[in-house]
Amino acid sequence: MRIFNYIYLKGDRYMKLSNRLLEIISFVPQDSIVADIGTDHGYIPVYLIEQGISNRVIATDISKKSLEKTIEYVRELGLEKNIDTRLGDGFKVIEEDEVDTAIIAGMGGILIGDILEESVEVIDSITHFIFQPMVASSELRRYLVKNGFQIIDEGLAREDDKFYEIIYAKRGKSSEIEEVNYEIGERLIEKKHPLLGGFIKYKIGLLDKISEEIKYKDSLKSRNRYIEIQKMRDSLQEVLSKIEGN
Ligand SMILES: C[S@@+](CC[C@H](N)C(=O)[O-])C[C@H]1O[C@@H](n2cnc3c(N)ncnc32)[C@H](O)[C@@H]1O
């Protein structure tokens, strides 16, 4: 069962927001002008406007069917003046200097990197980036560090047995990152995020599962992968002991 938070809107209406969406929204600066890339249902734009966090949001999606859900929702609530809906790929439907904050949530980390890569001029005009990769978060961190982003902060959300990572970044040169921090965001460790222990245990569990599967495989590739996994497991265990104070 997913946990939803009920948010009351004007005119006796309410919306349901998951922990994941609320954690993403917590990184949006007050009074920002936001592009929500891949908006789908439009919950993020509606929440930002209804709660007075933003006065203008551009909600985009590459899928007509997805965007239609947002168009309908925005019309229902009479928010057309505040939420602009645009059909298109990534930032290709956003002009330079049009927004100061961008959200890309609910997609794979590699796709998020590809979307950024394709619109460098627009990206350069944006100050705040909030990413929520569903998979490949370490690949996304690697992309960001290599391509002129600084990871400023990170968040975590949990829904049942699923964890969601949120990365808040800005343009700028990143300092060196330790290998384990591509896997587990450094900021989460620094601030001893309350969900971090559970998240690391979950990750160790996944690594153990893969290890079991390849343990007896004979190929060089499998043996190297096994060694790599054990190394990452040790690093994660070390972080876990540190945050648990052992
Ligand atoms: C799983 S939904 C996530 C919706 C919402 N952002 C969230 O986090 O709940 C992913 C959405 O991204 C859209 N999408 C995928 N690739 C895209 C791209 N290159 N540009 C814009 N939207 C894209 C999909 O059509 C889909 O509606």
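The values are calculated or read from the model by the stated rules, or taken from the named source; none is laboratory data. Here the structure is a predicted model, which is why all the values come from computation and not from measurement. So basically every Cβ, Gly included, is an ideal-geometry build from the backbone, and we count neighbours across all protein chains shown.
On inspection, Glu98 qualifies as away from the ligand (no atom under 11 Å from the Cβ), surrounded by fewer than 23 Cβ atoms within 10 Å (Cβ to Cβ), farther than 29 Å from Phe163 by Cα and touching a residue at least 12 places away in the same chain (Cβ under 8 Å). Considering only residues in segment 25-51 that are polar (S, T, N, Q) and more than 11 Å from the ligand (Cβ to nearest atom), the one that is surrounded by the most Cβ atoms within 10 Å (Cβ to Cβ) turns out to be Ser32. In segment 129-168, the residue that is surrounded by the most Cβ atoms within 10 Å (Cβ to Cβ) out of those that are away from the ligand (no atom under 16 Å from the Cβ) and assigned to a strand (DSSP E or B) is Glu154.
Residues that are closer than 17 Å to Val74 by Cβ and within 16 Å of the chain's Cα centre (by Cα) were ranked within segment 1-24; the one that is farthest from the ligand (Cβ to nearest atom) is Leu17.
Restricting segment 52-73 to residues that are of a type in the set (Gly, Ala, Ser) and more than 9 Å from the ligand (Cβ to nearest atom), the residue that is farthest from the chain's Cα centre (by Cα) is Gly52. Looking only at residues of segment 188-240 that are among the hydroxyl-bearing types (Ser, Thr, Tyr) and surrounded by 11 or more Cβ atoms within 10 Å (Cβ to Cβ), we find that the one that is farthest from Tyr164 (Cα to Cα) is Ser222. For segment 104-111, the condition holds for at least one residue, the condition being that it is in contact with a Pro (Cβ under 6 Å, 6 or more places away or on another chain), in a helix (DSSP H, G or I) and either farther than 30 Å from Val145 by Cβ or modelled with pLDDT of 95 or more (or both). Whether a residue is of a type in the set (A, V, I, L, M), part of a helix (DSSP H, G or I), modelled with pLDDT of 95 or more and closer than 29 Å to Leu17 by Cα was assessed, and Ile200 passes this test.
Has segment 5-19 got any residue that is at pLDDT 95 or above, surrounded by fewer than 18 Cβ atoms within 10 Å (Cβ to Cβ) and polar (S, T, N, Q)? No, segment 5-19 contains no residue that is at pLDDT 95 or above, surrounded by fewer than 18 Cβ atoms within 10 Å (Cβ to Cβ) and polar (S, T, N, Q).
The set of residues in segment 77-102 that are assigned to a loop (DSSP other than H, G, I, E, B), aliphatic (A, V, I, L, M) and under 21 Å from the mean Cα position of the chain (by Cα) comprises Ile94, Val99.
The test for being near the ligand (Cβ under 9 Å from one of its atoms), touching a residue at least 12 places away in the same chain (Cβ under 8 Å), β-branched (Val, Ile, Thr) and crowded, with 16+ Cβ neighbours inside 10 Å holds for Val93.
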